[in-house]
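Comments concern the structure below.
The values are calculated or read from the model by the stated rules, or taken from the named source; none is laboratory data. Since this is a predicted model, take the numbers as computed values, not measurements. We place every Cβ from the backbone using ideal geometry, glycine too, and count neighbours over all the protein chains shown. We work out accessible area using only protein heavy atoms, side chains counted, and drop any ligands, DNA or RNA first. Shrake-Rupley method; radii C 1.70, N 1.55, O 1.52, S 1.80 Å.
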Amino acid sequence: MTETERRPRLTPPIADVRRAVREALGSAVPPGGLVLVGLSGGADSLALAAGAAFEGPRAGIRVGAVIVDHGLQDASAETAERAREQAVALGLDPVLVKRVEVGTDGGPEAAAREARHAAFAEALSETNASHVLLAHTLDDQAETVLLGLARGSGAASLQGMAPASGWVLRPLLGIRRETTRQACLDAGLTPWDDPHNLDHSYTRVRVRQDVLPVLERELGPGVAEALARTAEQLREDAQAFDEMIEEVIEDICAPAEAGIAVSVRALEANPTALRNRIIRFVVHSEFGVALERVHVLAVARLVTDWHGQKPLDLPGGIRAARAGGHIVFSTTGSTEVLPHDH
């Protein structure tokens with residue numbers, strides 16, 4: 001059989017996937033680089049692997065794969081081996097299979113995700129690859145936004161997943177799940193169907209199978225696309241806010257004993273949305289702790305509704321207190337503001 005005979009006929013789904021991969025690689029990976037596809041063998045990741053196998057060499061980029069065996073199903077080793085064989089058949093190299101132990105912290109979905117990302121990081125280190133390509137689709141993005149809405153977790157959650165974040169690239173965030181499945185069928189690829197995707201004990205599965213279809217039926221088609229657009233707009237807003245904060249943060253902060261102090265006057269001068277973001281930004285940057293909204297609002301009241309309140313105990317062993325013209329965040333409870341050069 002000739003190469004032309006083996007090559008799948010170019011159909012719109014295959015073209016859509018390839019175009020998305022081409023744009024993602026071109027914006028993030030220089031020629032000569034190596035990327036790994038996070039391959040499960042499901043339709044989304046298999047379509048991504050096929051698209052990357054086609055587009056990578058044309059951009060001078062090597063494409064390999066990393067397959068994570070979570071060990072959560074009886075046939076998990078066989079499923080991983082099948083995915084490895086598919087990756088090799090597509091011409092991906094290197095192809096790594098990583099077996100992981102999934103813990104219990106944060107629930108099964110979070111624990112599996114943490115184990116998977118640790119395996120990806122290990123594979124990057126072993127191969128010197130620059131990125132892992134993950135096959136999250138527009139449908140996954142819509143589900144993420146809906147889950148964020150249900151949890152009331154704020155704009156940060158509603159931003160959904162970023163197309164590029166550190167060593168992670170998500171080329172398919174603008175592609176529907178039905179497109180990836182059709183791309184596999186058109187290319188003669190047989191995807192694996194994860195039984196967990198039918199398990200209603202998982203919240204995301206209930207959103208996928210029950211909630212989104214009801215919204216589409218009652219509100220009309222296009223709900224998933226609208227949710228994905230919302231996430232994109234919120235990411236743009238968040239980036240603008242963060243850039244504004246980074247421009248002023250050094251001028252409004254001072255070192256404190258075992259922490260950092262923020263000028264009350266500067267916080268007062270900013271609109272509520274920016275003031276709250278500064279508080280979250282400072283605590284996360286200094287201590288690596290993500291404050292929930294209830295904590296941010298409590299700190300903000302030390303600025304806007306000051307009447308001699310006691311210091312606040314925040315997550316991560318952090319204490320926030322008003323001392324003179326500063327809000328002082330520390331791990332010791334000290335409110336001493338140290339001299340600085342600004």
Task: Choice from 13, 315, 30 showing the highest fluctuation, given a GNM over the chain with Cα pairs closer than 10 Å - done: 315
Task: Alpha-carbon centroid distance for the pair the range 175-194 / the range 107-125, whole angstrom - done: 24
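Whole number in Å², please: accessible area per residue of the chain, 1.4 Å probe, ligands, DNA and RNA not counted.
Here the per-residue accessible area is 52 Å².
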Task: Protein accessible area in the chain, 1.4 Å probe - carbon and sulfur % - done: 51
Task: Projected label distance in nm at residue 110 and residue 226, using a 7 Å step from Cα toward the beta-carbon - done: 3.1
TODO: Calculate how many DSSP beta bridges within the range 46-194 are antiparallel, expressed in % of all such bridges and rounded to the nearest 5.
DONE: 20
TODO: Any chance you could list the semi-axes, whole Å, largest first, of the equivalent ellipsoid that the Cα gyration tensor gives for the range 140-229, using √(5λ)?
DONE: 22, 18, 14
Open item on the list: I'd like to know how the chain sits against the 2.2 N^0.38 Å rule of thumb: what's its Cα Rg over that expected value?
Closed with: 1.17
Open item on the list: Could you compute the net charge surrounding residue 259? Neighbours are other residues with a C-beta less than 9 Å from the C-beta of residue 259; K and R count +1, D and E count -1.
Closed with: -1
Task: Debye log10 I(q)/I(0) at q = 0.22 Å⁻¹ for the range 170-215, Cα point scatterers - done: -0.96
Task: Inter-probe distance in nm under a simple model that places probes 7 Å from Cα toward Cβ, at residue 11 and residue 332 - done: 6.7
Open item on the list: What does DSSP give for the chain in terms of the percent of beta bridges that are antiparallel, rounded to the nearest 5?
Closed with: 55
Open item on the list: Taking 4 °C and 1.567 mPa s as the conditions, I'd like the Stokes-Einstein D for the range 179-266 in µm²/s, using the Kirkwood hydrodynamic radius from alpha carbon pairs.
Closed with: 71
- [ ] First select every other residue whose beta carbon is under 12 angstrom from the beta carbon of residue 229; then total the charges, Lys and Arg +1, Asp and Glu -1.
- [x] -2
Open item on the list: Mean-square fluctuation check for the chain, GNM, Cα pairs under 10 Å: which of 39, 124, 158 is largest?
Closed with: 124
Open item on the list: Quick check on the chain: helices-only [θ] at 222 nm, where DSSP H runs of length 4 and up contribute -39,500 (n - 2.57) each and the sum goes over total residues. Nearest 500, please.
Closed with: -16000 deg cm²/dmol
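Counting only other residues whose beta carbon sits under 14 Å from that of residue 205, what net charge do I get with K and R as +1, D and E as -1? Present the calculation step by step, with values, prior to reporting the outcome.
Working: positive: 177, 204, 206, 208; negative: 109, 139, 140, 143, 193, 194, 199, 210.
Result for the local shell: -4.
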